[in-house]
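The values are calculated or read from the model by the stated rules, or taken from the named source; none is laboratory data. Quantities reported herein were computed from a predicted structural model and do not represent experimental measurements. So basically every Cβ, Gly included, is an ideal-geometry build from the backbone, and we count neighbours across all protein chains shown. For accessibility, only protein heavy atoms count, side chains too; no ligands or nucleic acids. Shrake-Rupley method; radii C 1.70, N 1.55, O 1.52, S 1.80 Å.
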Amino acid sequence: MNRRVVYTRGGPPAEVLTVIEEPEPRAPGHGQVLIRTTAFPVHRGDLLAVETHPGTAAEPVPGGVEATGAVEAIGPGTPVAPGVEVGARVSLFPHPGAWSQWLTADADTVVAVPDELPDEIAAQMLINPLTAIMLRRAAEEHLAFGYNGLLVQTAAGSSVGRLMTGVCQFHNLPLINVVRDAAAQVTDPPGRDPGPLAVGGLRREADIRRRHREADRPGAQGPVRRGRHVQP
């Protein structure tokens, strides 16, 4: 059987998400790859999609858009990315309904996973890096970067935030990180509730950057800054 995480109405994910069982998918057709899922991430965007789904769906709506697994079969005559073969570990994105035991995915959404990456990392290696790249490009378009501006990033301890730190370091973009840090709480007057997010942890920027150094390219010099534009 194939178990899938689905919902039929919007609302708090813990209340509306459910697991259903269906027959396993049939052999993939041309242009498709059959994957047995081993891990999938739960992004905040996935949960927002569940929370904001309008009305009630006539058919169950599958959750998730990204996953990692093993290739079980490839459709006849299907061109695939290098390293994608039966038995190979792969990740895929985007694929609506990725929170499922079995996936029949379009071949052009599937890429091979390096052996050294564990499943829990490989399952996040597509959407999060793309998000970080898009954020970096958006930051470079801001007028302030032509006048010695810098980027202030909140939630810098998140998966995307850590990637963004590494991207900014590689591209020589000035960055200030703000992280949720229980050890660096702001002291408020007695009786005032500071809320769930305390501004602190700027001292941890160096620590976050250090964790990314081993991923940097040897001898990278960063980009050349010319006015508003950063050369790749």
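Table for the structure above
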item: Taking segment 1-159 and dividing mean pair separation by its residue count, relative contact order in percent (alpha carbons under 8 Å, at least six apart); result: 25
item: Å² of accessible area per residue within segment 47-166, as computed with a 1.4 Å probe and no ligands counted; result: 50
item: Neighbourhood net charge (12 Å Cβ-Cβ; Lys/Arg +1, Asp/Glu -1) for Thr68; result: -1
item: Debye-sum result for segment 25-151 in log10 I(q)/I(0), which assumes one identical scatterer on each alpha carbon, at q = 0.12, 0.16, 0.22, 0.23 Å⁻¹; result: -0.55, -0.82, -1.19, -1.26
